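The values are calculated or read from the model by the stated rules, or taken from the named source; none is laboratory data. Every value quoted in this text rests on a predicted model; they were computed, and no experiment measured them. Here the Cβ positions follow ideal geometry from the backbone for every residue, glycine too, while neighbour counts run over all protein chains shown. Surface areas here come from the heavy atoms of the whole protein model, side chains and all, with no ligands, DNA or RNA. Shrake-Rupley method; radii C 1.70, N 1.55, O 1.52, S 1.80 Å.
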Amino acid sequence: MNDAFIRDLSEIVKTENIKVNEPLNAHTYTQMGGNADIFVTASRYEEVEQVVKFANEHNVPFTLIGNGSNMIIKDGGIRGIVLSLKRLDDIQVDGTRLVAQSGARIIDASREALSHSLSGLEFACGIPGTVGGALFMNAGAYGGEIKDVLTEAVVVDREGNLKTLAAEDLDLSYRTSNIPDNGYIVMEARFDLKEANYDDIKAVMDDLTFKRESKQPLEYPSCGSVFKRPPGYFAGKLIQDSDLQGKGIGGAEVSKKHAGFIINKDHATATEYIDVIHMVQRTVKDKFGVELEREVKIIGEDPES
Ligand SMILES: Cc1cc2nc3c(=O)[nH]c(=O)nc-3n(C[C@H](O)[C@H](O)[C@H](O)COP(=O)(O)OP(=O)(O)OC[C@H]3O[C@@H](n4cnc5c(N)ncnc54)[C@H](O)[C@@H]3O)c2cc1C
């Protein structure tokens, strides 16, 4: 990717929104990861459509990043273009319908619903991702999930075309959707909520926040629960019963407060963090015969040795 490539790209996105060799540890919750060759911040839907077409024409790999709260980026960074939609963060409410752009935080969508006395997004009040990231993996907590309230999504497809899909078209199920398989970029989500009493909604959100703050090691960088719930078990309990809490490699450690979390305790590298994930998977498999499947995504390149 030479100067001419950047010059052509800057005809789509303003130059100040294109960063070369951008450190990605500033864009992830774990505060780890190498550099992106090119980091683009989009602020209009048309820019996203055109950047996808541009990447296709130039055969350049293309990666989407939300709030970086469910991904580990390896220490070698990401080749090609990394696209952020965080500036597309508008949220509008009309009656019981809430429309949020993909870069808005799902926490803010939940707060906006509260401020209009609308119920349905309380479960999301402590999930630190964007709306786009939440749809990607059908985020959920405390019995609620995106699938319960989403009616439609506006996406950009692999060819760079904008389309509107019904929620059912996204195959949302436990922590998955067909968004990655189809290569969709979520641009906007439309939720159908219910009128309710403000104080009742607030009480639920306060209770969930209290539960989260008392149980999760929010004082350290992490990517939340690293593993999915294995059928018939709880990942945290299996890890706890394997005596892994407090065990670590380098600066990464299995949290003493919540066994399902691996924290970046002291300037961990992504390699160390991933090694701890493997250590946990191996130990739980040896001890209980259960395979722990990762919820968090690992992307990017290994560092050059
Ligand atoms: C402390 C903590 C607590 C958490 N608690 C919960 C919880 O209770 N429940 C839960 O479900 N999750 C939880 N998470 C995980 C995480 O917040 C969610 O998975 C969130 O939905 C990820 O959103 P993100 O914007 O950070 O996505 P990222 O981590 O940036 O990206 C994750 C994936 O989504 C893709 N993606 C991002 N934006 C888009 C888009 N616009 N279109 C298409 N694909 C996109 C990315 O390419 C990537 O593959 C927690 C994380 C932390 C750190």
**Fill in**
Those residues of segment 90-107 which are within 15 Å of the chain's Cα centre (by Cα) and either surrounded by fewer than 22 Cβ atoms within 10 Å (Cβ to Cβ) or away from the ligand (no atom under 14 Å from the Cβ) (or both) amount to I107
**Item:** Qualifying positions in segment 243-274 - in contact with a Lys or Arg (Cβ under 6 Å, 6 or more places away or on another chain), buried (at least 20 other Cβ atoms within 10 Å of the Cβ) and not in a strand (DSSP E or B)
**Value:** H258, A270
**Request:** Quick one: which helices (runs of 4 or more DSSP H) lie wholly within segment 109-226 and hold at least 3 residues that are more than 8 Å from the ligand (Cβ to nearest atom)?
**Result:** 198-215
**Prompt:** Would a scan of segment 1-12 turn up a residue that is out of contact with any helix residue (DSSP H, G or I) (no Cβ under 6 Å at 6 or more places or on another chain), within 16 Å of the ligand (Cβ to nearest atom) and within 24 Å of E301 (Cβ to Cβ)?
**Reply:** no
**Fill in**
Those residues of segment 222-232 that are farther than 25 Å from P128 by Cβ and open to solvent by less than 100 Å² (accessible area, probe 1.4 Å) come to a total of 1
**Request:** Determine whether V51 is open to solvent by less than 10 Å² (accessible area, probe 1.4 Å), in contact (Cβ under 8 Å) with a residue 12 or more places away in the chain, within 15 Å of the ligand (Cβ to nearest atom) and within 18 Å of L170 (Cβ to Cβ).
**Result:** no
**Request:** Mind counting the residues in segment 72-83 that are surrounded by fewer than 23 Cβ atoms within 10 Å (Cβ to Cβ) and within 11 Å of the ligand (Cβ to nearest atom)?
**Result:** 1
**Request:** Output yes when any residue across segment 197-218 is open to solvent by 10 Å² or more (accessible area, probe 1.4 Å), polar (S, T, N, Q) and within 17 Å of Y29 (Cβ to Cβ), and no when none is.
**Result:** yes
**Asked** Do you know which residues across segment 162-175 are touching a Lys or Arg at 6+ places or on another chain (Cβ under 9 Å) and either open to solvent by 50 Å² or more (accessible area, probe 1.4 Å) or of a type in the set (S, T, N, Q) (or both)?
**Response** T164, S173, Y174
**Prompt:** Of the residues that sit in segment 170-184 and are closer than 10 Å to M137 by Cα and small (G, A, S), which one is farthest from the chain's Cα centre (by Cα)?
**Reply:** S173
**Request:** Check segment 277-291 and report whether any residue there is open to solvent by less than 60 Å² (accessible area, probe 1.4 Å) and under 19 Å from G68 (Cα atoms).
**Result:** yes
